Amino acid sequence: MKIGLNLGYWGAGNDADNLELAREADRLGYAVVWAAEAYGSDAATVLAWVAAQTERIDVGSAIFQIPGRSPALTAMTAATLDTLSGGRFRLGIGVSGPQVSEGWHGVRFDAPLGRTREYIDIVRMALRRDRVEYAGKHYTLPLPDGPGKPLKLTVHPVREHIPIYLAAVGPKNLELAGEKADGWLAIFFSPEHSGDSLASVRAGRAKAGADMASFDVVPTVPLVVGDDVAACAEPVRGYAALYVGGMGSREQNFYNALATRMGYGDAAREIQDRYLAKDYAGAAAAVPFDFLDATALLGPKERIADRMQAYAQAGVTTLTVSSYAGSLAERVSAIRIAAEGLELAGVAE
């Protein structure tokens, strides 16, 4: 198993710290550093900035939002970042959610599976430098009865194959990730509750005539180092409450549904009720410790190493950590301890 670092969103007031954290991860031998986007900073600019100031570590989008970019623009960005970074780019994509898709990008959140399938087809076609011609249900290139013509990407990526990762939560999207992508970007991944999710991915791999050997399973897990495990869980509560309670509507929240499938249905309903009533502190308090402990790395180095063994045994191939420490010094210390924990666990690739 390899280890990665997720910087989250840029522009939260700690940008210089995030850059130093990426440099430290590079020095420590981390495999990849990821950047996110929602409706603030974009990930592509951040990754170009980070790639320019690191040497070996891969840079990845977690994620580029499908409704925010045409497939052709995503291919252009991927090829450019791969060229600028010397072949270190990983393309993570996802459908985002209905609030962002429709409220920010003005794109209806309908048929996400079909759109994603066609999107990946077009991105791959463009990155192969084929002339792009596509007649799908959701995308048609060139548009018919107009001046458009099939075009070919003018940029030559460093590599023939830029890996594509799909952020997926539901069973059908997980199967699509296995079928069409090179890796899965997971959230709230618990080794003890991962069997059904990985079974869906394997079903997709089988549909594509492939196995899991070349597929990258990449959960992002919060990281808090300390001797008091219960105290370590506290900084993670707000993040869990935001996703399980407030990321989406009452009728359509993928993370709430995931928590329910994991056996936390009663808690998921309470978190959502409190969050949607703007009782954010109550929502955070309602997140069960067991849920946090199952989906994060909490405690001293030895306990973190034990959990890393469980992640590796469950089939994780790149474990991405997101530090919830306060100061830069504490965050640097945390990712160093995570690297040491991986070695202690005996599962480092």
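Coordinate-derived values only; no laboratory data. Note that the structure is a prediction, hence the values are computed from the model and not measured. Please note: Cβ atoms are built from the backbone with ideal geometry, for glycine as well, and neighbour counts cover all protein chains shown.
With charges only on Cβ, +1 for K and R and -1 for D and E, what is the dipole size of the range 274-321 about its Cα centre, in debye, rounded to 20?
Computed about the Cα centre, the dipole is about 140 debye.
Sorted from largest down, give the three principal axis spans of the alpha carbons of the range 230-296, whole angstrom values.
Ordered largest first, the range 230-296 gives principal extents of 32, 24, 16 Å.
Note down the net charge around residue 2, summing +1 for each Lys or Arg and -1 for each Asp or Glu among other residues with Cβ under 13 Å from its Cβ. Present the calculation step by step, with values, prior to reporting the outcome.
Working: positive: 56, 90; negative: 58, 216, 343, 349.
Value of the local net charge: -2.
Hey, can you grab everything whose amide H is under 5 Å from the amide H of residue 89? Only 5+ residues off in sequence or another chain; H modelled, so Pro and N-termini drop out.
Amide H to amide H, under 5 Å and 5 or more residues apart or across chains, residue 89 pairs with 59.
Between the helical axis of 43-52 and the dominant principal axis of the chain, each derived from Cα atoms, what acute angle in degrees is found, rounded to the nearest 10?
Result, in degrees: 80.
What Rg and what Dmax come out for the range 260-309 when only alpha-carbon atoms are used, in angstroms?
For the range 260-309, the Cα radius of gyration and maximum Cα-Cα distance read 13.5, 40 Å.
Hey, what do the phi angles of the range 133-142 turn into as Karplus ³J(HN,Hα) couplings, whole Hz, using 6.51/-1.76/1.60 and θ = phi - 60°, x for Gly and Pro?
10, 8, 10, x, 6, 10, 10, 10, 9, x
Dipole size in debye (nearest 20) for the range 230-296 around its Cα centre, Lys and Arg Cβ +1, Asp and Glu Cβ -1?
That gives a dipole near 180 debye.
Find out how many positive minus negative residues lie around residue 160, taking Lys and Arg as positive, Asp and Glu as negative, among other residues whose Cβ is under 10 Å from that of residue 160.
Values: positive: 128, 129, 159; negative: none.
Computed value for this residue: +3.
Can you count the Lys pairs in the chain with C-alpha separation below 22 Å, eight or more apart or on different chains?
Going through the chain pair by pair, I get 10.
How far, in nm, would the chain grow between residue 231 and residue 172 when pulled straight, counting 0.36 nm per residue and subtracting the alpha carbon separation? Present the calculation step by step, with values, prior to reporting the outcome.
On the way: separation 59, 0.36 × 59 = 21.24 nm, distance 3.64 nm.
My answer for the length gained is 17.6 nm.
Set the Förster radius R0 to 30 Å, insert the Cβ-Cβ distance between residue 16 and residue 159 as r into 1/(1 + (r/R0)^6), and round the FRET efficiency to 0.05.
Details: r = 31 Å, r/R0 = 1.03.
Once rounded, the FRET efficiency stands at 0.45.
Which FRET efficiency value, to the nearest 0.05, is calculated for residue 277 and residue 104 with the Förster distance at 22 angstrom and r the Cβ-Cβ distance?
Values: r = 24 Å, r/R0 = 1.09.
With a Förster radius of 22 Å, E is 0.35.
Find how much the distance from residue 124 to residue 27 grows on full extension, using 0.36 nm per residue of separation minus their present alpha carbon separation; answer in nm with one decimal.
Working: separation 97, 0.36 × 97 = 34.92 nm, distance 3.20 nm.
Length gained, residue 124 through residue 27: 31.7 nm.
Suppose every Lys and Arg Cβ carries +1 and every Asp and Glu Cβ carries -1, with no other charges. What dipole size does the chain come out with about its Cα centre, to the nearest 20 debye? Can you show the working numbers first?
Working: 34 positive and 41 negative charges, 234 e Å.
Value, rounded to 20: 1120 debye.
Using Cα-Cα distances under 8 Å and only pairs 6 or more residues apart, what relative contact order does the range 175-246 have, in percent? Write out the running numbers ahead of the final one.
On the way: 69 pairs, mean separation 25.7, N = 72.
After rounding, I find 36 percent.
Kindly provide the helix-only [θ] at 222 nm of the chain, computed as the sum of -39,500 (n - 2.57) over DSSP H runs of four or more divided by all residues, to the nearest 500 deg cm²/dmol?
Working: 15 runs with 158 residues, N = 349.
Result for the chain, helices only: -13500 deg cm²/dmol.
Once the dipole of the range 230-296 is set up with Lys and Arg at +1 and Asp and Glu at -1 on Cβ about the Cα centre, which of 246, 236, 280 lies farthest towards its positive end?
246
Nearest 5 percent is fine: what portion of the DSSP beta bridges confined to the chain is antiparallel? Display every interim value, and only then the final one.
On the way: 2 of 35 bridges.
Taking every DSSP beta bridge within the chain, about 5 percent pair in antiparallel fashion.
Order of 141-150, 295-304 by packing, highest average Cβ count within 10 Å first? Don't skip to the answer; put the middle values down first.
Working: 141-150: 10.1, 295-304: 21.1.
Sorting 141-150, 295-304 by mean packing, highest first, produces 295-304, 141-150.
For the range 196-349, what does the relative contact order come out to in percent, with C-alpha contacts under 8 Å and a separation of six or more? Please report the intermediate quantities before stating the final value.
Working: 193 pairs, mean separation 48.6, N = 154.
Result for the range 196-349 is 32 percent.
Across the range 68-77, in residue order, what do the Karplus-derived ³J(HN,Hα) couplings come to in whole Hz, using 6.51 cos²θ - 1.76 cosθ + 1.60 with θ = phi - 60° and x for Gly and Pro?
For the range 68-77, the Karplus curve yields x, 9, 5, x, 5, 5, 4, 5, 4, 5 Hz.
Points 7 angstrom from Cα along the Cβ direction at residue 138 and residue 285: gap in nanometres?
Calculated label separation equals 4.2 nm.
Can you grab the distance from the C-alpha centre of the range 288-318 to the C-alpha centre of the range 221-269, Å, no decimals?
Each part's Cα centre sits 15 Å from the other's.
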